[in-house]
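The values are calculated or read from the model by the stated rules, or taken from the named source; none is laboratory data. Just so it is clear, the structure is predicted and the values come from calculations on it, not from any experiment. As a convention, Cβ positions derive from the backbone with ideal geometry for all residues, glycine included, and neighbour counts pool all protein chains shown.
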Amino acid sequence: MVIQPKVRGFICTTAHPEGCKAAVKEQIDFVKAQKHADGPQKVLVVGASMGYGLASRITAAYSFGAATIGVIFDKPASGNKTASSGWYNTAAFEEFALADGLYAKTVNGDANAKETKDFVIEMIKKDLGKVDLVVYSLAAPRRTTDDGVTYSSVLKTVGEPYTNKTIDLKNRVVSDITVPPATEEEVSATVKVMGGEDWKSWIDALKAADAIEDNAVTVAYSYIGPDITHPMYADGSIGKAKDHLFATSKEITAEGIKAYISVNKALVTQSSAAIPIVPLYISILYKVMKANGVHEGCIQQMYRLMNQKLFAGDAVVDEENRIRLDDLEMQESIQNEVRQLWQDITTENLSSHADLDGYFKDFYQLFGFGVEGIDYSADTNADVRIPSIG
Ligand code: NAD
């Protein structure tokens, strides 16, 4: 079929297999061209099909030659529907990895479910023995716990409503938005979904099955950002979940496996596109970071995480034991420029104050569109196999 983007709200309901493959190859080529530290060899990535999780998997495979098992929750093509981009990314990753002689297998299922954990652990025991790195990179709107209760996360403030600028991406209009406060129940549901409970369940299950090395490392991802985003993010319902994730890292470490939180840069991913206020901040940030020559995407961040922060001798951490990949984003000079542009930005001066084209380029590329060298008018086979799934 001929596959074109169909955008609804902040997601695209189609994905292009060739575009996804080319974007995965670009990430692999980036990592191949860098210097490499000595790193883990048997890696589990939970949430491995897009964004930071995919970039973590690519980095582990191509920096360290690691065997990777990825847990994804994606849809294959069916009828006249394309597969999800995570499906195509994973198919492409496995194809490249196998051609390069690397072990790569994927489990497609709900990472929150016990059956998925059991299945993955069986695979680890059979194929790898034990893992030495667990990357936990889930970003999900809901979670069903083992007792069958489904919790939904919200992106709201805590306490007071918050009004600030936002962008309507469809019409490219800047306007004010008031984000309402979450109820207590909504906050605790968000903590259930995006906090550390499921991360710890993975580590506990791996330990109970003797499927994790004693000196293994585990890492999960968080975000802090500047004041303008705090009521919405760091101090909002998602921030409460991230506080829980951080507290969980200390618990996991206290129980024997070194656990880290890496505070990453704000980037366009399927998840961040859904947060009010943040996409406008990201487009201004892109403008400033690109102008200053310090812009990074997921793969540059994950390359730096693994090769320069986690596995280049002792982990490089801040005073609270967190890894800071947001060091460039949070530089005072960068944030001063962002703050000034944020104050002045309007619908009329959007193109001079923000890198909206860069935002959209990254957004479309998440789904395999707008990738150089791909003929989007060509007939394309949407029914792509993931080698290890068949
Ligand atoms: P993403 O949407 O690009 O990727 C999330 C991944 O999780 C996808 O592969 C998705 O398929 C998978 N997933 C979701 N639910 C699942 C389930 N039930 N079972 C198995 N897989 C599932 O998101 P991202 O932006 O890369 O976020 C990953 C982590 O990084 C999150 O913790 C997020 O908060 C954090 N983070 C993101 C940013 C940012 O700006 N994007 C910044 C800092 C930290």
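Overview of results
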| quantity | calculated |
| --- | --- |
| Among (1) aliphatic (A, V, I, L, M); (2) without any contact (Cβ under 8 Å) to a residue 60 or more places away in the chain; (3) more than 15 Å from the ligand (Cβ to nearest atom); (4) outside any helix (DSSP H, G or I), the one test that ALA234 misses | (3) |
| Residue within the stretch 152-174 that is among the small types (Gly, Ala, Ser) and more than 25 Å from the chain's Cα centre (by Cα) present | yes |
| Meets criteria (at pLDDT 95 or above and within 16 Å of the ligand (Cβ to nearest atom)) for PHE73 | yes |
| Tabulated pairs, the stretch 1-22, first over 22 Å from PHE93 (Cα atoms), second among the aliphatic types (A, V, I, L, M) and surrounded by fewer than 17 Cβ atoms within 10 Å (Cβ to Cβ), C-beta under 9 angstrom, 6+ apart or interchain | VAL2/ALA378; GLY9/ALA274; PHE10/ALA274; ILE11/ALA274 |
| Out of ALA241, ALA259, sole residue that is in contact with a Ser or Thr (Cβ under 6 Å, 6 or more places away or on another chain), within 9 Å of the ligand (Cβ to nearest atom) and not β-branched (Val, Ile, Thr) | ALA241 |
| Single residue of THR178, THR183, THR163, THR157 found to be more than 25 Å from VAL46 (Cα to Cα), among the hydroxyl-bearing types (Ser, Thr, Tyr), away from the ligand (no atom under 16 Å from the Cβ) and in contact (Cβ under 8 Å) with a residue 24 or more places away in the chain | THR157 |
| Options GLN308, GLN270, GLN301: the member that is more than 13 Å from the ligand (Cβ to nearest atom) and in contact (Cβ under 8 Å) with a residue 40 or more places away in the chain | GLN308 |
| Residue under evaluation TRP199, criteria (1) over 27 Å from VAL317 (Cβ atoms); (2) in a helix (DSSP H, G or I), criterion not met | (1) |
| Set ALA55, ALA113: member being within 10 Å of the ligand (Cβ to nearest atom), surrounded by fewer than 19 Cβ atoms within 10 Å (Cβ to Cβ) and closer than 26 Å to GLY195 by Cβ | ALA113 |
| Helices (runs of 4 or more DSSP H) contained in the stretch 259-358 and holding at least 1 residues more than 21 Å from the chain's Cα centre (by Cα) | 278-291, 332-344, 350-353 |
| Qualifying residue in the stretch 239-249 (condition: in a loop (DSSP other than H, G, I, E, B) and surrounded by 22 or more Cβ atoms within 10 Å (Cβ to Cβ)) | no |
| Single residue of the stretch 1-52 satisfying the filter (in a loop (DSSP other than H, G, I, E, B) and among the hydroxyl-bearing types (Ser, Thr, Tyr)) that is surrounded by the most Cβ atoms within 10 Å (Cβ to Cβ) | SER49 |
| Residues of the stretch 311-341 that turn out to be in contact with a helix residue (DSSP H, G or I) (Cβ under 6 Å, 6 or more places away or on another chain) and more than 13 Å from the ligand (Cβ to nearest atom), as a count | 5 |
| Check on VAL131, crowded, with 21+ Cβ neighbours inside 10 Å and of a type in the set (Val, Ile, Thr) | yes |
